[in-house]
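A short write-up of the structure that comes next.
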Amino acid sequence: MESDTVAQSPGKYSKRARRQQEILQILAEEPTMRVKALAGRLDVTTETIRRDLEDLAEQGLISRTYGGAMLRTEAEPVLSHRERELVKEREGIARRAFRECAAGKTFMIGSGATTAILAKRLAFELRNVTVIAHSFAVATALAQNPTIRIVLAPGVYHAGEGAMHGAQTIRFLQDYTADWAILGASALSPDGPSDALIEAGDVYATMLRQASHNMIVADHTKFDRMATARYAQWSEIEVLVSDRRPEGPLMRALERSEVRFIQAEG
């Protein structure tokens with residue numbers, strides 16, 4: 001069984017780098033691997049794996065979990081790129097999510113590719129409702145229906161996300177309440193939903209506080225990942241709608257917190 005020792009030669013460092021790359025590849029396929037399992041897969045000691053995981057965590061590539069590790073989601077592609085991915089899955093999520101919130105009269109909707117598709121569904125199905133948004137994509141989708149009152153939050157414009165963020169956005173949202181807050185996420189871990197943008201996380205947390213009910217809409221690629229800004233614990237979330245059912249620690253966390261998981265139809 002291979003192990004790293006002190007004062008390693010350049011060859012050893014190369015071996016460590018290759019092994020750490022293998023760890024990242026394994027975590028991409030099995031996101032919540034334990035230390036012992038990784039050690040067995042790579043035929044090294046658990047102490048070696050722990051050192052590797054610490055190195056990767058310092059580089060911001062993973063987050064340590066109890067007894068293992070999880071990949072981090074540091075950044076997402078810009079919204080215009082995300083809108084072209086997983087379109088069928090997002091549309092299924094939007095259809096199913098709409099059935100949950102259709103009785104609402106006032107909505108707060110966060111930014112994102114999936115929430116923009118849900119906004120199109122609301123525009124097609126609803127009449128005479130009010131939507132408070134900070135995303136231009138959401139507002140544009142809703143504008144197809146002239147009976148929907150759109151309240152667009154002010155703030156500092158983020159070009160990649162096409163949305164407003166910052167202290168002015170937060171103060172504005174605090175003056176309103178809603179029947180539903182509908183939010184996306186960059187990542188879903190057992191600790192809760194999170195976003196790659198710290199500013200977006202602040203907006204989402206505020207929307208949650210101002211709404212009577214809440215829902216997260218996110219596709220399966222967000223499962224078992226961590227991003228920079230966790231904006232809620234699962235105990236604060238009522239409903240999660242996704243295209244696949246999560247497994248392992250994430251599903252157990254949802255069940256412990258009594259989050260209602262709904263799987264969209266294919």
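Filter segment 184-202 down to the residues that are farther than 11 Å from Leu250 by Cα and part of a loop (DSSP other than H, G, I, E, B), then identify the one that is farthest from the chain's Cα centre (by Cα). Here the answer is Leu197. Any residue in segment 34-62 that's free of Cβ contacts under 8 Å to residues at least 12 places away in the same chain: show its pairings with residues that are crowded, with 18+ Cβ neighbours inside 10 Å at Cβ separation under 6 Å, as long as the two are six or more apart or on different chains. As it stands, the answer is Ala39/Ile49; Thr46/Val35; Thr46/Ala39, since those pairs meet every condition given. Here segment 172-183 is the region considered, the condition is being assigned to a strand (DSSP E or B) and over 13 Å from the mean Cα position of the chain (by Cα), and the residue that is surrounded by the fewest Cβ atoms within 10 Å (Cβ to Cβ) is Asp179. Being modelled with pLDDT under 65 and among the polar types (S, T, N, Q) is the filter; apply it to segment 1-46 and report the residue that is farthest from Ala227 (Cα to Cα). Once the filter is applied, the top-ranked residue is Ser9.
In segment 209-225, the qualifying residues are those that are charged (D, E, K, R) and more than 15 Å from Leu71 (Cα to Cα), and the one that is surrounded by the most Cβ atoms within 10 Å (Cβ to Cβ) is Asp219. For the condition surrounded by fewer than 21 Cβ atoms within 10 Å (Cβ to Cβ), touching a strand residue (DSSP E or B) at 6+ places or on another chain (Cβ under 7 Å) and at pLDDT below 95, Ile198 qualifies.
Per-residue answers, yes or no, for (1) at pLDDT 95 or above; (2) among the acidic types (Asp, Glu); (3) under 18 Å from the mean Cα position of the chain (by Cα):
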{"residue": "Tyr66", "(1), (2), (3)": "no, no, no"}
{"residue": "Pro77", "(1), (2), (3)": "no, no, yes"}
{"residue": "Arg95", "(1), (2), (3)": "yes, no, no"}
{"residue": "Ile109", "(1), (2), (3)": "yes, no, yes"}
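Selection of segment 102-157 for residues being polar (S, T, N, Q), farther than 23 Å from Gly92 by Cα and touching a Ser or Thr at 6+ places or on another chain (Cβ under 9 Å) yields Asn128, Thr130. Hey, could you check segment 226-241 for residues that are over 14 Å from Leu254 (Cα atoms) and crowded, with 22+ Cβ neighbours inside 10 Å and say which is modelled with the highest pLDDT? Looking at the filtered set, the residue picked out is Tyr231.
The values are calculated or read from the model by the stated rules, or taken from the named source; none is laboratory data. Fair warning: this is a prediction, and the values are worked out from it, not measured in the lab. Positions of Cβ are generated from backbone atoms using ideal geometry, with glycine treated the same way; all protein chains shown enter the neighbour counts.
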